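Data first, discussion second: the structure below is written as structure tokens.
The values are calculated or read from the model by the stated rules, or taken from the named source; none is laboratory data. Bear in mind that the values here come from a model prediction, so they are computed numbers and not experimental data. Every residue, glycine among them, receives a Cβ derived from its backbone with ideal geometry; neighbour counts consider all protein chains shown.
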Amino acid sequence: MKSSLSDALFLLFVITTQSICSTTTGAASTGENVVKDATGKKVLNNVPYHIGPVISANGGRIKLTDAMNNKKICPFNVVQDPSDVNLGGQFSFTLIAKEKYLLTSRILGIDSGSPKSPCNKSTFWTVPDAEAKPPANLITTGDYFDEAATCFQIVEYPKPTNPKVHSYMLQHCPSFCGAGPRTCFNASIYLDKGVRRLASSGGTPFEFVFYKV
């Protein structure tokens with residue numbers, strides 16, 4: 001009974017978090033905190049970091065890929081590395097407001113850095129259509145900073161796998177940066193033809209931690 005109640009409360013938090021997002025702005029809020037990495041150090045704003053699950057049993061770290069099903073793609077896709085020994089990609093989480101450290105509940109963009117391929121698309125994480133079903137709500141790249149399609153925020157994970165580690169979840173909030181549904185969508189893992197991809201599905205949020213490059 002206790003476990004069922006705990007799960008129910010967690011689900012209520014996720015739903016409530018999405019509901020209140022429509023009234024949140026990029027300005028400072030009472031719920032914001034400095035983001036910390038896996039070692040407890042403050043995460044710097046607009047500085048590259050690796051991100052991945054709290055425990056390796058849940059898969060490898062997040063990376064960018066320029067190929068799917070043995071075919072080159074442009075723009076790129078955001079996926080989870082099947083190997084837990086690889087470092088993953090380097091991503092810069094950049095707040096729209098200038099701050100030294102990354103903060104929760106603040107509007108931000110996520111940049112994957114300069115592409116090492118002929119693809120000339122932007123490398124900012126992008127959600128083509130948050131309200132659609134896959135593949136339209138899968139996280140790719142291609143749009144630019146401070147646009148509805150690239151508008152995200154980080155919030156603390158409500159029920160951490162390891163309470164001793166600072167873990168987080170990502171939400172896509174298009175209306176914070178322009179037109180779009182007045183709600184936020186949890187970034188979760190979606191299995192696409194055997195590939196674990198990040199999607200703005202509003203499902204069970206992907207729990208991750210920051211690792212300094």
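Pick from Pro128, Pro181, Pro205: which is crowded, with 22+ Cβ neighbours inside 10 Å, in contact with a helix residue (DSSP H, G or I) (Cβ under 8 Å, 6 or more places away or on another chain), in a loop (DSSP other than H, G, I, E, B) and not aromatic (Phe, Trp, Tyr)?
Only one candidate qualifies: Pro205.
Return yes when Ser200 is at pLDDT below 95, of a type in the set (Ser, Thr, Tyr), under 11 Å from the mean Cα position of the chain (by Cα) and within 14 Å of Pro128 (Cα to Cα) and no when it is not. Please lay out each step first, then the result.
Details: at pLDDT below 95: yes; of a type in the set (Ser, Thr, Tyr): yes; under 11 Å from the mean Cα position of the chain (by Cα): yes; within 14 Å of Pro128 (Cα to Cα): yes.
When the stated conditions are applied, Ser200 passes them.
For the range 155-168, does any single residue satisfy the condition of being farther than 18 Å from Val43 by Cα and in a strand (DSSP E or B)?
For the range 155-168, residues farther than 18 Å from Val43 by Cα and in a strand (DSSP E or B): absent.
Given the conditions (1) crowded, with 20+ Cβ neighbours inside 10 Å; (2) in contact with a Phe, Trp or Tyr (Cβ under 7 Å, 6 or more places away or on another chain); (3) charged (D, E, K, R), and given that Arg106 satisfies all but one, which numbered condition is not satisfied?
So the condition that Arg106 fails would be (2).
Which of (1) basic (Lys, Arg); (2) over 22 Å from Asp66 (Cβ atoms); (3) under 16 Å from the mean Cα position of the chain (by Cα) does Lys133 not meet, given it meets every other one?
Every condition holds for Lys133 apart from (3).
Inspect the range 133-143 for any residue being outside any strand (DSSP E or B), touching a residue at least 60 places away in the same chain (Cβ under 8 Å) and in contact with a Ser or Thr (Cβ under 7 Å, 6 or more places away or on another chain) and give the result as yes or no. If you could, list the steps in order and put the result at the bottom.
Within the range 133-143, the first condition is being outside any strand (DSSP E or B), and the residues that meet it are 133-137, 139.
Filter once more, keeping what is touching a residue at least 60 places away in the same chain (Cβ under 8 Å): 134, 137, 139.
The next check asks that each one be in contact with a Ser or Thr (Cβ under 7 Å, 6 or more places away or on another chain); those that pass are 137, 139.
So far as the range 133-143 goes, yes, one or more of its residues are outside any strand (DSSP E or B), touching a residue at least 60 places away in the same chain (Cβ under 8 Å) and in contact with a Ser or Thr (Cβ under 7 Å, 6 or more places away or on another chain).
Within the range 39-71, track down each residue that is modelled with pLDDT of 95 or more, touching a Ser or Thr at 6+ places or on another chain (Cβ under 7 Å) and part of a strand (DSSP E or B).
Across the range 39-71, the qualifying residue is only Pro48.
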